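Trainee: First, the structure itself, so that you have it in front of you.
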Amino acid sequence: MDFNQLYKKYLLNELSDAELQTFMDLLADVDEECVWELEEVLACSEGEELLSPEKTNLIYEQITGESLVSSRVSLWRRYKYLSVAAIFIAFLFSSLYFWRQQQENTYAPQQELLSIHNPTKFVKSIFLKDGTKVLLKQGSRLAVLSDFDSDTLRQVKVEGEAYFEVAKNQGKPFCIVESGAFDVRVLGTAFNFTNSTDQNKLVLNHGKVRVAHGEKQSLVHPGEEISYNAKTLDFDKHLVDTVASNLWTYSLLTFEKEPLIHIFDDLNSLYPEAKLQLKEAYKGEIFTGYLPANDLDKSLVILNKAFNITIISKR
């Protein structure tokens, strides 16, 4: 049953408890322009059985807190009460939207139903229960926090970096929570998400994504990278090369004007057993290029040749 069908049943006070829960969840995500206008709400009763006096009285009581004097209600009054209900819904839509944002942006830590770690030197491919495909970067971890069948939100947690191709489900938004400075909410899209000690960002390939930090929110469009700036207390957003951002999914590490100390940290996290060491004088030097994530020796050769000196070596 789609949103407007549930909307109509809500106005007629015919929703079951399960349908009411679904309606409230969808109400926070549906675009406002998709909600029926007042005329459409009135038209939904044409050719159908009119509201019974009992239902009319119940709706009126819910809105005004008072009971109708007479149980016999004329047609024009029924339309009047339905109009009041429609106006009430518009107000409810606006209020509930902001309430849900506040609630969903302050997730309490949740129990992990499933935890997947990638300790290998290769990218790990995962298919979640709903059909969502996840490419998990080396050294990263993905945790599933909700039951995709019974819960109204599909919630996961990321430590490290992962690429998502989210299976579309209008009734169950896909959310990344407890994963850095901001939460992510989508319906069906493809994006790259990073949550590491020195980076927390999202790059959108296609679709639409909403991110939130407390009450601060922002929409992300294809080709944009977004992160939260703790100094300005706002989101930083700019255009990027999405192909370059996703090269790691082909086991390639890509760097653009990256300080060597950051590259050194990445290699150390991938190969802790190698106990790499970096020359102190070169920590601030900049490198642009690609390194094979699954071949440490080749990566060291590329870096050392780029500077014509051994800057990183094994102990």
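Trainee: How many residues are over 17 Å from residue 271 (Cα atoms), in a helix (DSSP H, G or I) and in contact with a Pro (Cβ under 8 Å, 6 or more places away or on another chain) when one looks only at the range 286-307?
Mentor: Matching residues across the range 286-307 total 0.
Trainee: Counting just the residues of the range 113-170 that are basic (Lys, Arg) and touching a helix residue (DSSP H, G or I) at 6+ places or on another chain (Cβ under 8 Å), which one comes out farthest from residue 196 (Cα to Cα)?
Mentor: 121
Trainee: Shifting gears a bit: Considering every residue within the range 119-127, establish whether at least one is modelled with pLDDT under 95, assigned to a loop (DSSP other than H, G, I, E, B), over 27 Å from residue 272 (Cβ atoms) and not aliphatic (A, V, I, L, M).
Mentor: No; the residues of the range 119-127 include none that is modelled with pLDDT under 95, assigned to a loop (DSSP other than H, G, I, E, B), over 27 Å from residue 272 (Cβ atoms) and not aliphatic (A, V, I, L, M).
Trainee: If you don't mind, there's one more thing I want to ask. Would you mind finding the one in 297, 234, 266 that is charged (D, E, K, R), in the same structural domain as residue 161 (by TED's automatic domain parsing) and at pLDDT below 95?
Mentor: Checking each option against the conditions leaves just 234.
Trainee: Same structure again: Which strands (runs of 3 or more DSSP E) sit wholly inside the range 197-285 and have at least 2 residues that are surrounded by 15 or more Cβ atoms within 10 Å (Cβ to Cβ) and without any contact (Cβ under 8 Å) to a residue 40 or more places away in the chain?
Mentor: Working: elements: 200-206, 209-213, 216-220, 224-229, 234-239, 252-259, 276-278.
It comes to 200-206, 209-213, 216-220, 224-229, 252-259, 276-278.
Trainee: Can you work out which of the residues in the range 128-140 that are of a type outside the set (Lys, Arg) and out of contact with any strand residue (DSSP E or B) (no Cβ under 7 Å at 6 or more places or on another chain) is modelled with the lowest pLDDT?
Mentor: This residue is 138.
The values are calculated or read from the model by the stated rules, or taken from the named source; none is laboratory data. Computed from a predicted model, the values in this text were never measured in an experiment. Every residue, glycine among them, receives a Cβ derived from its backbone with ideal geometry; neighbour counts consider all protein chains shown.
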